[in-house]
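Okay, structure first, notes after.
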Amino acid sequence: MRLQLRSCFLAVGLPIFCVLALPGAGFAQTPDVSGPGQPAPDPILLPTNRKTANQIKAAHEYIAAKDWDNAVKLLQRVLDESEDSLLETPMKDPQGKEIIRRISARAEAERLLATLPKPGLAAYRVKFGGLAVVALGKARANPQLLDQVVRRYLLTDAGAEALTSMGVSALDRGHVDEAADCFRRLLQRPDVDE
């Protein structure tokens, strides 16, 4: 019986192994289609979402027009998404050449909210502060939800309280780096001086 298994392995398994071990036989390899002087295409595709990109673009326009109500609504929709996606934004590199920068849609929405002038940030807190308090109440009953409150409502008072709780909890568990990250994020809030 053992001799038959060895023979079967040698007859089937060994040739398959040899084929897979050949150079260029990898399954995930993509051909280089770039021409001379052109950058190679990205070897992987990253998740993007056209709807989210359009919401961020529209939020930029509403912010420029000082339409705080519509701007904060769109930015909160991005923060409420169940999955994050990447935005492709054109920018100039140090040599002045245009390149595409990929950034998290949630991080961009949070950055835009954090950089709103005082009237815009006040409009955000009035519109979403109550929802944040309700979410924080649920998170007190289930601490695993604290991260969700922070992700969705960081720039509200309830979001700051949730992040503080996460930092204290991490410190209590001896996770100093995690706690430091929470407290660093608290210090980066635009209202830290108040």
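The values are calculated or read from the model by the stated rules, or taken from the named source; none is laboratory data. The structure displayed is predicted, hence computed values, not measured ones. For accessibility, only protein heavy atoms count, side chains too; no ligands or nucleic acids. Shrake-Rupley method; radii C 1.70, N 1.55, O 1.52, S 1.80 Å.
Listed values for region 91-97 are Karplus-derived 3J(HN,Hα) couplings in whole Hz (6.51 cos²θ - 1.76 cosθ + 1.60, θ = phi - 60°), namely 7, 9, 7, x, 8, x, 7, and x replaces Gly and Pro.
Separation of the alpha carbons by more than 29 angstrom is noted, of 57/118; 66/97; 66/92; 66/138; 57/92, for 66/97; 66/138.
Per the Kirkwood treatment, what hydrodynamic radius in Å, one decimal, follows for region 68-194 from the mean inverse distance over all distinct Cα pairs? Can you show the working numbers first?
Numbers: mean 1/r = 0.0636 Å⁻¹.
15.7 Å is the Kirkwood radius here.
Expressed as a whole percent, the accessible surface of region 54-177 that belongs to carbon and sulfur atoms is 54, based on a 1.4 Å probe.
Pull out a ≥ b ≥ c, the square roots of the eigenvalues of the alpha-carbon gyration tensor of region 131-194, then state rounded if a/c is under 1.5, prolate if not and a/b is larger than b/c, and oblate in the remaining case. It comes out oblate by the Cα gyration axes.
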